[in-house]
1. I need the full set of residues from region 320-346 which are part of a strand (DSSP E or B), under 30 Å from the mean Cα position of the chain (by Cα) and not charged (D, E, K, R), in order please.
2. Output the residue which, of all residues in region 87-125 that are acidic (Asp, Glu) and in a helix (DSSP H, G or I), is farthest from LEU179 (Cα to Cα).
3. So, in region 287-298, how many residues would count as being under 14 Å from ILE237 (Cα atoms), more than 15 Å from the chain's Cα centre (by Cα) and not β-branched (Val, Ile, Thr)?
4. Among the residues of region 82-101, count how many are charged (D, E, K, R), exposed (fewer than 14 other Cβ atoms within 10 Å of the Cβ) and within 26 Å of LEU160 (Cβ to Cβ).
5. State which residue is surrounded by the most Cβ atoms within 10 Å (Cβ to Cβ) when the search covers only region 297-319 and only residues that are in a strand (DSSP E or B) and without any contact (Cβ under 8 Å) to a residue 40 or more places away in the chain.
6. Exactly one of these conditions fails for GLY217: (1) modelled with pLDDT of 90 or more; (2) more than 22 Å from LEU286 (Cα to Cα). Give me its number.
Amino acid sequence: MKKKVWIAIGIAAVFLLMAGVSVYRQAFAKGPELKTAYPVQEEITEQIMIPGTVKLVNEQKVYASPEKGEIKELLVEEGDSVKKGEVLAKFDEQALTLELEKVNLQAESGYLKISQLEKQEDQLGDKEKELRKQAGKKEADKQIQPERDQLKLEKRLANLELSQVLLQKKDIEERLGELEIKSSIDGEVLQVNKETSSDPASAGKPVIYIGDLKAIGASGLLSEFDSLKVREGQTAILRSDAIPEKEWKGEVSEVADMPEESQAVNPAENSAPQYRVGITVKDMSLKPGFQLIMEIETDKKKALTVPATAVITGDSSVYVFVVKDQKSYKQEVETGVASGNKIEITSGLDETDLIITDPSEQLKDGMEVDVK
């Protein structure tokens, strides 16, 4: 009896095994189940992505100026609010004042010399009258003319010397007027470095740094190629790792015409030129100096697009898998602009081609597939 039970169990197990194999074969014959989609004509945006830094739109940096001398007096402190035209600091005017006094003396000497020569001209005129009475007009002119020519030459030279002295005086007076450093903007004093001249560690730092904290923007560097695409007025999206869930919308405000000076360690090395781009932003909550990723929208156009995940880059070609008669086939394509999770197809597909949007590494040319 027990033997018959075991035989029955064995026969049932064989039937179950055969049924499982049949189901497996049917499933395998269908091929892997994949997601598909048709190419779509839609508007896409070409973007340039570059690193950037949060900057102040309006700022003023005052540096030490050896040609003007030492800064005698700082009139502001960090945190002070200042208005445009307000005096921030004064240079020591002692050296220029002494120079001005010297030039004033030279000018006074020049005036006296010219005045003396004019008196000599008057005396020569009186002398000419006496000679005319005694020797006649012709003889008087013959004797007086050389003296008159000499006085005329000396007077001309004296006037030239005086003009030069007066130009020096004007230059010194203008330089004295520049000894007062005035604010060029409304803003806040962000830094005051009193030891810039004596402390080597402060070399290159501004003595006074003023900025308008209400006007925040961003700045970055463009390559030669990208600088040809970016123009004023284009939209930019800014993101920061400090606040990954937030983004800010801005606008290109300027693109530099001249490249940034090379920062290469070895002057003999030629680095590729880069051009500064400025972005204006409204309501940015980041502080100056924060690092950004800036996406600048350079062009919009209507194009045939597919999901970026559908495009595969091989060793010698770019292709997608299309579905025909429940089989997958490689189709070489040419791509254009990538925009977000979409990519432009410039040739190789049309809107009637059903493509596989999530091809796996196991997918082969001519493989049967089960599409959704």
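1. GLY336, VAL337, ALA338, SER339, ILE343 - these are the residues of region 320-346 that are part of a strand (DSSP E or B), under 30 Å from the mean Cα position of the chain (by Cα) and not charged (D, E, K, R).
2. This residue is ASP122.
3. The total comes to 1.
4. 1
5. Checking each candidate, the answer is TYR319.
6. (2)
Here is a yes/no grid of residues against (1) aromatic (Phe, Trp, Tyr); (2) modelled with pLDDT of 90 or more; (3) not assigned by TED's automatic domain parsing to the domain that holds LYS229:
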| residue | (1), (2), (3) |
| --- | --- |
| GLU254 | no, yes, no |
| SER262 | no, no, no |
| PRO267 | no, no, no |
| VAL306 | no, yes, yes |
| ILE345 | no, yes, yes |
| ASP353 | no, yes, yes |
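Let's see how each residue does on (1) among the hydrophobic types (A, V, I, L, M, F, W, C); (2) within 24 Å of LYS84 (Cβ to Cβ):
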site	(1), (2)
PRO146	no, no
GLN150	no, no
LEU153	yes, no
LEU157	yes, no
SER163	no, no
LYS169	no, no
GLU174	no, yes
GLU178	no, yes
LYS182	no, yes
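The values are calculated or read from the model by the stated rules, or taken from the named source; none is laboratory data. Remember, it's a predicted structure, so these values are computed and weren't measured experimentally. Note: ideal-geometry Cβ built from the backbone for every residue, glycine included; neighbour counts use all protein chains shown.
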